[in-house]
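Enquirer: The structure's right below; bear with me while I get my questions together.
The values are calculated or read from the model by the stated rules, or taken from the named source; none is laboratory data. Owing to the predicted nature of the structure, the values given are computational and were not obtained by experimental measurement. Methodologically, a virtual Cβ is constructed for each residue, glycine included, from the backbone with ideal geometry; neighbour enumeration extends over all protein chains shown.
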Amino acid sequence: MSKIPKVQIKEQKLKTKRRSEDKFAYRTVVISTVLSLIFFVVSLLFNTAIFSFFANINLIFDILDISIKVVSILLFFLFMMISLGNYKEMTGKPLDWKEVLLLFILSLGQALLNYIVFFFTFIGLLLILIYLYLVQES
Amino acid sequence: MKKISYSILSAIILLNLLLVSSLFIINSYAAAEEIDAEFGDPPKIDGDIDDSVNEWKNANKIHINLTDLPIDLWVMQDDSELFISVQVDLEFSAHNSTEFIALLISNSSSENQEDFIDAKIVQFSDIQTNKFVYLDYEINNSLFLNDTYSHGEGAGKLDGKVSVYEFSIPIKQPLADGYEEDAFLEYEKSYALNITYGKTPSYPDGIIKSEIVLIYIFEPSVPEPLYFDVILIVLVLVVFSIVGVLSGYYIYKIFKLKEKMERLRS
């Protein structure tokens, strides 16, 4: 016969579960941030033309160049949104629309030097926003 | 009687004035046609006009007569060279085996004979087999002297019944390596060119037909700074900087959150 009351065991279990959830959420924040920063660096290198291996060779390389630029910005935005969302959840505050708008502008701003990249990035960002809005818990 | 005397006196004075004024008229040729050298991609000087790569596309194309010989004259330039193409359309049998086109270049827009100081010649040695030589001569008192250093390029080719001649002449060449033997072409100036045609490789005796034209050389336009592009570059750099700074702050906040979590656990 256990001397520890059942309520206490339940509380301990809940506490352990919450701790492991927090740990998981924190890990998600860290991993998402690292990934978003990696894509930010890729975006910086390609969108500011520091790296321009693929530009002005032929059409295929141009498409590759544009794809890298667009995808790097979109993945930066996606992972940063995940990271921010989890961070806010951990601090107990909801993700503000102003923060989302700022991230949207800062992501789109990376594509200002190329109007094709700008166009596709804009479309991609809108699609991600719509997707995240639809999948969020009500 | 008095009236007749006045009339005779007036006529004598008028005649005198006419004679005296004629002394001030410089003996010169009729004003030559001025052609603007349009900017275009430099053609390959090989005597062949390659339409597939739009060679000579931007050239100023005119039709003139060398005395009684009709030719097509194309004039073009880039930042460092003047390009001239002469096309002589004759019956195949009328082309002489050793025909040539010589460009006699004046050191200014002056059309006086003594001002033509430079000659660029494409001389066929056998037009049927397209054998030619490019010659660069200095003209000194109507004497054609071979340049120590040949400058520019020239080529010729018989294409059907049209003999095509192509020349490239340096603009603003440096004052070294025998360039003093050439006409010094500068921007924003007109130069007289005597386009000559001959059948025997003897200069100037072999020249049988000619025509003087004026060619105006433009200064290359300096591309205007694109302020819009500069603004965009600055904006992009600002955006990347802001993201960088905010990311740094965010990472700091994440570490702070970890510390907070550990404090709550303990």
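Enquirer: Pairs under 6 Å by beta carbon, first residue of a type outside the set (Val, Ile, Thr) in region A:19-31, partner at pLDDT 75 or above, six or more apart or different chains?
Expert: Within 6 Å, the pairs are A:ALA25/A:ASN86; A:ALA25/A:MET90.
Enquirer: Just to be sure, is B:VAL133 free of Cβ contacts under 8 Å to residues at least 24 places away in the same chain and in contact with a Phe, Trp or Tyr (Cβ under 9 Å, 6 or more places away or on another chain)?
Expert: Working: free of Cβ contacts under 8 Å to residues at least 24 places away in the same chain: yes; in contact with a Phe, Trp or Tyr (Cβ under 9 Å, 6 or more places away or on another chain): yes.
Judged against the criteria, B:VAL133 is a match.
Enquirer: Of the conditions (1) hydrophobic (A, V, I, L, M, F, W, C); (2) more than 9 Å from chain A (Cβ to nearest Cβ); (3) more than 52 Å from the chain's Cα centre (by Cα), B:ILE215 fails just one. Which one is it?
Expert: (3) is the only condition that B:ILE215 fails.
Enquirer: Against the condition modelled with pLDDT of 90 or more, closer than 30 Å to B:ILE231 by Cα, in contact with a Phe, Trp or Tyr (Cβ under 8 Å, 6 or more places away or on another chain) and assigned to a loop (DSSP other than H, G, I, E, B), how does A:LEU45 come out, does it pass?
Expert: On the way: modelled with pLDDT of 90 or more: yes; closer than 30 Å to B:ILE231 by Cα: yes; in contact with a Phe, Trp or Tyr (Cβ under 8 Å, 6 or more places away or on another chain): yes; assigned to a loop (DSSP other than H, G, I, E, B): no.
The answer is no for A:LEU45.
Enquirer: May I pose another question? Out of region B:240-266, which residues are more than 10 Å from chain A (Cβ to nearest Cβ) and β-branched (Val, Ile, Thr)?
Expert: Result: B:VAL245, single match.
Enquirer: Go through region B:121-140 and give me each residue that's aliphatic (A, V, I, L, M) and part of a strand (DSSP E or B). Even if it seems obvious, please write down each step before you answer.
Expert: Within region B:121-140, the first condition is being aliphatic (A, V, I, L, M), and the residues that meet it are B:121-122, B:127, B:133, B:135, B:139.
Those that are aliphatic (A, V, I, L, M) and part of a strand (DSSP E or B): B:ILE121, B:VAL122, B:VAL133, B:LEU135, B:ILE139.
Enquirer: Out of (1) within 13 Å of the chain's Cα centre (by Cα); (2) assigned to a strand (DSSP E or B); (3) closer than 22 Å to B:PHE100 by Cβ, the odd one out for B:ILE64 is which?
Expert: (1)
Enquirer: Checking the condition modelled with pLDDT of 85 or more and part of a helix (DSSP H, G or I), which residue from B:SER52, B:SER22 passes?
Expert: Working: B:SER22 fails: modelled with pLDDT of 85 or more.
Every option except B:SER52 fails the conditions.
Enquirer: Report those strands (runs of 3 or more DSSP E) wholly inside region B:67-120 carrying at least 1 residues which are farther than 20 Å from B:ILE169 by Cβ. First the steps, then the outcome.
Expert: Numbers: elements: B:69-77, B:81-89, B:100-106.
Those strands (runs of 3 or more DSSP E) span B:69-77, B:81-89.
Enquirer: For residues that are among the hydrophobic types (A, V, I, L, M, F, W, C) and more than 13 Å from the chain's Cα centre (by Cα), scanning just region A:64-94, find the one that is surrounded by the fewest Cβ atoms within 10 Å (Cβ to Cβ).
Expert: First, pick out the residues of region A:64-94 that are among the hydrophobic types (A, V, I, L, M, F, W, C): A:64, A:66, A:68, A:70-71, A:73-82, A:84, A:90.
Add one more test, that the residue is more than 13 Å from the chain's Cα centre (by Cα), and what stays is A:64, A:66, A:68, A:70, A:90.
Details: A:LEU64: 15, A:ILE66: 20, A:ILE68: 19, A:VAL70: 25, A:MET90: 18.
Checked region A:64-94; the qualifying residue surrounded by the fewest Cβ atoms within 10 Å (Cβ to Cβ) is A:LEU64.
Enquirer: Would you call B:ILE231 on the phi < 0 side of the Ramachandran plot, without any contact (Cβ under 8 Å) to a residue 40 or more places away in the chain, surrounded by 13 or more Cβ atoms within 10 Å (Cβ to Cβ) and within 14 Å of chain A (Cβ to nearest Cβ)?
Expert: It is false that B:ILE231 is on the phi < 0 side of the Ramachandran plot, without any contact (Cβ under 8 Å) to a residue 40 or more places away in the chain, surrounded by 13 or more Cβ atoms within 10 Å (Cβ to Cβ) and within 14 Å of chain A (Cβ to nearest Cβ).
Enquirer: Given (1) surrounded by fewer than 12 Cβ atoms within 10 Å (Cβ to Cβ); (2) of a type in the set (D, E, K, R); (3) facing another protein chain (nearest Cβ under 9 Å), identify the lone condition not met by B:GLU224.
Expert: So B:GLU224 meets the others, but not (3).
Enquirer: For the subset of region B:39-98 comprising residues that are aromatic (Phe, Trp, Tyr) and out of contact with any Lys or Arg (no Cβ under 8 Å at 6 or more places or on another chain), which member is nearest to B:VAL162 (Cα to Cα)?
Expert: First, pick out the residues of region B:39-98 that are aromatic (Phe, Trp, Tyr): B:39, B:56, B:74, B:83, B:92.
Going one step further and asking which of them are out of contact with any Lys or Arg (no Cβ under 8 Å at 6 or more places or on another chain), we end up with B:39, B:56, B:83.
Numbers: B:PHE39: 25, B:TRP56: 16, B:PHE83: 19 Å.
The selected residue is B:TRP56.
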